[in-house]
Amino acid sequence: MIHRRIIYDDSEGVNEPLNETAFGKGLVVRGKHFLILELPANSALIHRVGAQELFMHPIATYALPQISYANYSSAYHQTWSALSESMPLNVHLLTLDQLSAKQFLIRIEHYFELNEDEIYSQAVNVDLQALFKSLGTITDLTELTLAANLPLSQLHRLNWMTNDKELSHVNILREFCFIQSSKLCFLF
């Protein structure tokens, strides 16, 4: 539910009307809906990649420089990318955050489910050294938890007893629809 407005109490436990207003008027929610009409075999590719394109669209900004374009372009780098190569279509760089002068946090996401697409649901190998060549030589890689607050090697999962008296373990097939957090150390 995005939003609802009820002028009178509906006796559902809140004991008051849900009359959210802004500037004396009821709130209005606006959004966009995208409808994809496609064969099931093609729909995962279209909606997964399309969602990334919609969500990650570039934002153009403009400013009037105080110097000529020739002087500006010779004084400043106008383009730069941390990525030296293109990433596979089914893999997305979710986070690239500089932690210190030589350390970066990266989160890489494989966003196709198992058996969702014949081609793009397959496991992917990503060469991080080739991908981040512009940052330097990777000297150390530490895989972290998703929150990036603990090395994965130090994570201790809780074991739960189930009704059949066996320990339950959550096995995650990490090649599909996963996000991996890692800390990279570089030599410049």
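The values are calculated or read from the model by the stated rules, or taken from the named source; none is laboratory data. As the structure is a prediction and not an experimental result, all values here were calculated from the model. We place every Cβ from the backbone using ideal geometry, glycine too, and count neighbours over all the protein chains shown.
Checking GLU38, GLU113, GLU53 one by one, the residue that is surrounded by 10 or more Cβ atoms within 10 Å (Cβ to Cβ) and either under 17 Å from the mean Cα position of the chain (by Cα) or at pLDDT below 90 (or both) is GLU113 and no other. Pairs under 9 Å by beta carbon, first residue in contact (Cβ under 8 Å) with a residue 60 or more places away in the chain and under 14 Å from LEU96 (Cα atoms) in segment 113-142, partner assigned to a loop (DSSP other than H, G, I, E, B) and β-branched (Val, Ile, Thr), six or more apart or different chains? That search, which allows pairs on different chains as well, returns nothing.
Conditions tested, residue by residue: (1) surrounded by 14 or more Cβ atoms within 10 Å (Cβ to Cβ); (2) at pLDDT 90 or above; (3) at positive phi.
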| residue | (1), (2), (3) |
| --- | --- |
| ARG107 | yes, yes, no |
| ALA123 | no, no, no |
| GLN154 | no, yes, no |
| ARG157 | no, no, no |
| THR162 | no, no, no |
| GLU166 | no, no, no |
| ASN171 | no, no, no |
| LEU187 | no, no, no |
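Only residues that are out of contact with any Gly (no Cβ under 8 Å at 6 or more places or on another chain), closer than 22 Å to ARG30 by Cβ and at pLDDT 75 or above were counted across segment 1-19, and they come to 3.
Only one of the numbered conditions (1) of a type in the set (Ser, Thr, Tyr); (2) without any contact (Cβ under 8 Å) to a residue 12 or more places away in the chain; (3) surrounded by 14 or more Cβ atoms within 10 Å (Cβ to Cβ) is not met by THR79, and that is (3).
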